[in-house]
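Read-outs: derived from the displayed coordinates by stated rules, not from any lab. What you see is a predicted model; the values in this text were computed from it and never measured. Virtual Cβ from ideal backbone geometry, glycine too; neighbours counted across all protein chains shown.
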Amino acid sequence: MRSSASESSPALSIGELSRRTGVNIETIRYYERIKMLPAPPRTASGRRVYGPAETRSLAFIRRSRELGFTLDEIRALLALSTENGKAACGEVRELAARHLGEVRAKIADLRALERVLAEAVRSCDAGELPGCPLIDVLSASAPLHLVGGRRGRKSGAATICR
């Protein structure tokens, strides 16, 4: 995804690249340091200049981060993006499917967390229990999905039991 800015395309400063992609200037520099983005060409005065290829790569990285891909996964996607053909597409699909599974697992965990928190708030509102169930849940040494026992629930939902 990299090519140096040609005479027909405008050379962008790092500030303009940041504005066009919505990526902070320091983040752009960081991506260059960790080799997510290649070092850009520089003017005679030492200013970085970027073109359409760098803009596209940075937008790709930003959008991938928004979707929750790790930097290592994005590196793999960038490497695969330089390949053409069904083999690369299959590998991209496999990586995305694996990530989708992780996202779904996180959603399930968040739903379980929501149930635990909603039950704690409901118990506090209702004044059903002595003390504070929310403080008890937060003070428990066991992970939230184990507070009150799982009782065979696959999702990891927990209830507040006394």
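Some notes on this structure:
- Sparse-neighbour loop sites [trypsin sites (Lys or Arg not before Pro); the stretch 39-127; at most 16 other C-beta within 10 Å; DSSP]: 47
- Net length gained if the chain between residue 91 and residue 16 were fully extended (0.36 nm per residue, minus Cα distance): 23.7 nm
- Cα-projected label distance for residue 122 with residue 26, points at 7 Å along beta-carbon direction, nm: 4.4
- With Cα atoms as the point set, the stretch 14-69 shows a radius of gyration and Dmax of 11.0, 38 Å.
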